[in-house]
Amino acid sequence: MNDSTTQTSGDSRQSWWRRLRGGLSRTSSAITAAITDLISKRKLDAGVVEELEELLIRADFGVDVAGRIAGAVGEGRYDKIISSEEVKAILAAEIEKILVPAARPLVIDGASRPFVILVAGVNGSGKTTTIGKLASRFSREGRQVMLAAGDTFRAAAIEQLKIWGERTGSPVIAGAQGADAAGLVFRALEAARAQAIDVLIVDTAGRLQTKAGLMGELQKIVRVMKKLDPAAPHAVLLVLDATIGQNALSQVREFLKVAGVTGLVMTKLDGTARGGILVAIATEYRLPVHFIGIGEGVDDLAPFGAREFAQALAGIER
Amino acid sequence: MFEALSDKLSGILDRLTRRGALTGADVDAAAREVRRALLEADVALDVVRTFIDKLRQRAVGVEVVKSVTPGQMVVKIVHDQLIETLGATTDPIDLNAPAPVPIMLVGLQGSGKTTTAAKIARRLNEQMRRKTLMASLDVRRPAAMEQLAVLGRQVGVNTLPIVTGQTPVQIARRAMEAGRLGGYDVVLLDTAGRTTLDEAMMTEAAEVKAAASPHEVLLVADSLTGQDAVNLARAFDQRVGLTGIVLTRVDGDGRGGAALSMRAVTGKPIKLIGTGEKLDALEDFHPARIADRILGMGDIVSLVEKAAATIDAEKAMRTAERMRKGAFDLNDLKEQLEQMQKMGGLGGLMGMLPGIARIKNQIAAANLDDKILKRQVAIIQSMTTEERRRPDILKASRKKRVAAGSGAKVEEINRLLKMHRGMADMMKAMGGAKRGPLAGLANALGMGAGMPSAEEMAKLAEKMPGSLPNRPQLPSGMPAAPPPFPGALGGPPSSLPGLGGPKRPGLPGLGGFPGFGKKK
């Protein structure tokens, strides 16, 4: 439909950077403009550090992380004249330091066939779209992908996944709306094993982490899978919407507890003042961030790189 | 959604209220903590700043009213300030325009526009008796239009037939035309969202607005939104022009900062809040009550209203009548249990009770969940009609059968029967008294109940000097100080950890509920 499929090959590294920069531009330009304002011909003092902290809070870094980063920028540099470029560089370096442990790619282990990826998240975080993008990525890599329409709750979720299945040439296992999700997932896993599928991606209904009943249902899905393959699911991806503020931390905590999340996908990281939450999550949880989405195109979901993200966030040109 | 914030604030304010006198340093310390609590609740920084400035201004050199500690004054100031920021009045959707009244929903992708459209349509259709037509203008997301059609069927509201290849503006025109021809009262337009605030979306929304000239333009926004909420609300207001805001996912554990921020930045009222996935989970927004909830004061009016709206009045009257006569059998009990489930279960009810925010961890520890209600209904369902009518005939072998049928233990059945007997006795004892229908009903539910006890009301009054006049008056039919609900729960919070522990003889409440006192 409207998904831009113009750049597909690996040489689009540069354009990805450009899109990442573009995506985070509102955050970074807010940060850089303010930094320039803040710094111009001033000595670095407590006031500057405090303003820097507020700046970071505004970008969803959270009170603690913002305080820590701002403190680190100020440390040992009080009463020195410092250029805004330097501040940006320090800022980027500090952010990068936090993010490096999180930048680990999603490795598909060829030994386990099918490699089962369970995708979970709250409503509207972009699970189904993320699955579509992952499916297209894996099929391009020459893997046979199957999709399981485990979101039996939301009206038209099944249709949406089927459309993605058609686009990527992947079979879709679906039941009726309102059917038991765990049963469907079981069937899908059986089918995937029978058809020698490489990657089975399981969609689930969106659920708020506070709903005990729905979280229990998610647990059941995991449990049922293990009956067929004790190692499944091989990856549990939590899809997080970057617009969400500090609540993302609570989402990570609960989904980790219930479904044993192995990695994160952060969507909608573009356009507005956000992105800081990723840093807050990386500080608190040692979970890898596998992919970030900075646009609606199929190719706008890309592996996460700590340095480029930190630099893009701090507004550094390269 | 406000629990986390209210936890923090009531902690801060608790410490303050105990002080006799308040120095400038005290106010500063409190202001810093309030600032942090608000920021962690995702209230936008600018809004926090204004809030804190005003708080300081008012709190320093505060006009201390006699018999009120300065700390209490600060509580009052924070409370007033919260209400002021949230907007003082409740603004419902305005339908005061020639039919069909166009209502347009805008918002980002994933904010819940389509679900909200169905919820609003359902409310207009069922509660306000307006013939409503829904139309999806989302030509971008796969299956978006089908989603609305499916939801429309679920809530019994017509949707505009899908014609592929039309632009949103064309669909909007077609919808208005269909609305006129079909004699509809309201036409709901669900626009396409984007993942970001982009130009194309704004232009599209502005064009649709120009074409349909909607009477209401509602921004549907996720209450979990972070610092970006202000930009979002401001951008939509400037480009499209809003008349109000609908907050979704208020049932999550987000902290409600977005509500404060968006209202403060746009000055547009929050009209409705979405409180769950079910299509009836849509409520009016009451700023004063939400401010109370943020402060951890509970939301008593919401509870009463919800009870009144959910409970089938006729059925309740019948039950009340039977109870008055002292005939209260297991069928009646089952009906009540089901009513409670409808009202959002124990969790839903308790979230609205005063003081609960502070003790919710203990509740979680006691494993108090709606399974109890469900299981008890299951037990009753496994009984024969005769057994339900005359529980006395349930002896060992029948109990065994019921236990096997409902997957419960015999002890659980005994506990249920004991609870029922206690309630029936209570009903009989109260039978003679003359009361309004709601009172009977409330007691019947063990819910009248939701009201705090006399001491607690006194405590509330003490805690909120000056704000009492605004405090909702209980409906006259309600008993002044009915037994707390459920069972031991409604008592002073301090008695809670023991959930169902100390037995209060004669209470119709749920104190005797199996599972309550038992750690599972």
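Quick check on region A:187-199: of everything there that is surrounded by fewer than 18 Cβ atoms within 10 Å (Cβ to Cβ) and either without any contact (Cβ under 8 Å) to a residue 60 or more places away in the chain or within 23 Å of the chain's Cα centre (by Cα) (or both), which residue is farthest from the other protein chains (Cβ to nearest Cβ)? Within region A:187-199, the match that is farthest from the other protein chains (Cβ to nearest Cβ) is A:ALA194. Of all the residues in region A:130-157, those that are touching a Gly at 6+ places or on another chain (Cβ under 8 Å), within 14 Å of another protein chain (Cβ to nearest Cβ) and not in a loop (DSSP other than H, G, I, E, B) number 4. The residues listed here are B:ASP185, B:ASP198, B:ASP190; of these, the one that is crowded, with 23+ Cβ neighbours inside 10 Å and among the acidic types (Asp, Glu) is B:ASP190. Cβ-Cβ contacts under 9 Å between residues 6 or more apart (or on different chains), taken from a first residue in region B:42-57 that is facing chain A (nearest Cβ under 9 Å) to a second residue that is among the aliphatic types (A, V, I, L, M) and not in a helix (DSSP H, G or I), are listed as B:ASP42/A:ILE244; B:ASP42/B:LEU224. Pairing residues of region A:105-129 that are farther than 12 Å from A:MET266 by Cα and within 14 Å of chain B (Cβ to nearest Cβ) with residues that are of a type in the set (A, V, I, L, M, F, W, C) and not in a loop (DSSP other than H, G, I, E, B), at Cβ distances under 6 Å and at least 6 apart in sequence or on separate chains, gives A:THR128/A:LEU161. Exactly one residue among A:ILE131, A:ILE95, A:ILE108 is surrounded by 20 or more Cβ atoms within 10 Å (Cβ to Cβ) and outside the structural domain of A:VAL265 (by TED's automatic domain parsing), and that residue is A:ILE95.
Within region A:158-179, restricting attention to residues that are over 22 Å from the mean Cα position of the chain (by Cα) and within 11 Å of chain B (Cβ to nearest Cβ), which residue is surrounded by the fewest Cβ atoms within 10 Å (Cβ to Cβ)? Among those residues, the one meeting the criterion is A:GLY178. On the basis of being among the small types (Gly, Ala, Ser), touching a residue at least 40 places away in the same chain (Cβ under 8 Å) and part of a loop (DSSP other than H, G, I, E, B), does A:ALA205 make the cut? Yes: the conditions hold for A:ALA205. Please determine whether any residue of region A:211-225 is at the interface with chain B (Cβ under 9 Å from one of its Cβ atoms), surrounded by fewer than 23 Cβ atoms within 10 Å (Cβ to Cβ) and outside any helix (DSSP H, G or I). Within region A:211-225 (the criterion being at the interface with chain B (Cβ under 9 Å from one of its Cβ atoms), surrounded by fewer than 23 Cβ atoms within 10 Å (Cβ to Cβ) and outside any helix (DSSP H, G or I)), the answer is yes, since at least one residue qualifies. Assigned to a strand (DSSP E or B) and away from chain B (no Cβ under 14 Å), is that true of A:LEU238? Here the answer is yes, as A:LEU238 does meet what is asked. Of these, A:ASP60, A:ASP79, which one is within 14 Å of chain B (Cβ to nearest Cβ) and either touching a residue at least 12 places away in the same chain (Cβ under 8 Å) or part of a loop (DSSP other than H, G, I, E, B) (or both)? A:ASP60 is the lone residue from the list that is within 14 Å of chain B (Cβ to nearest Cβ) and either touching a residue at least 12 places away in the same chain (Cβ under 8 Å) or part of a loop (DSSP other than H, G, I, E, B) (or both). Scanning region A:82-104 for residues that are closer than 18 Å to A:PHE304 by Cβ and in a helix (DSSP H, G or I) yields A:ALA92, A:ALA93, A:GLU94, A:ILE95, A:GLU96, A:LYS97, A:ILE98, A:LEU99, A:VAL100, A:PRO101, A:ALA102.
Residue pairs whose Cβ atoms lie under 8 Å apart, sitting 6 or more positions apart in sequence or on different chains, and linking a residue in region B:81-98 that is assigned to a loop (DSSP other than H, G, I, E, B) to a partner that is of a type in the set (Gly, Ala, Ser) and modelled with pLDDT of 85 or more, are B:ASP91/B:GLY244; B:ILE93/B:GLY244. Filtering region A:35-45 to residues that are of a type in the set (A, V, I, L, M, F, W, C), assigned to a helix (DSSP H, G or I) and modelled with pLDDT of 70 or more leaves only A:ILE35.
Restricting attention to region A:258-284, the residues being in a loop (DSSP other than H, G, I, E, B) and either at pLDDT 90 or above or of a type in the set (Gly, Ala, Ser) (or both) number 6.
Of all residues in region B:99-134, those that are in a loop (DSSP other than H, G, I, E, B) and within 28 Å of B:LEU197 (Cα to Cα) total 6.
The values are calculated or read from the model by the stated rules, or taken from the named source; none is laboratory data. All values derive from a computational prediction rather than experimental measurement. Using ideal geometry, Cβ is built from the backbone for each residue, glycine included, and neighbour counts are taken over all protein chains shown.
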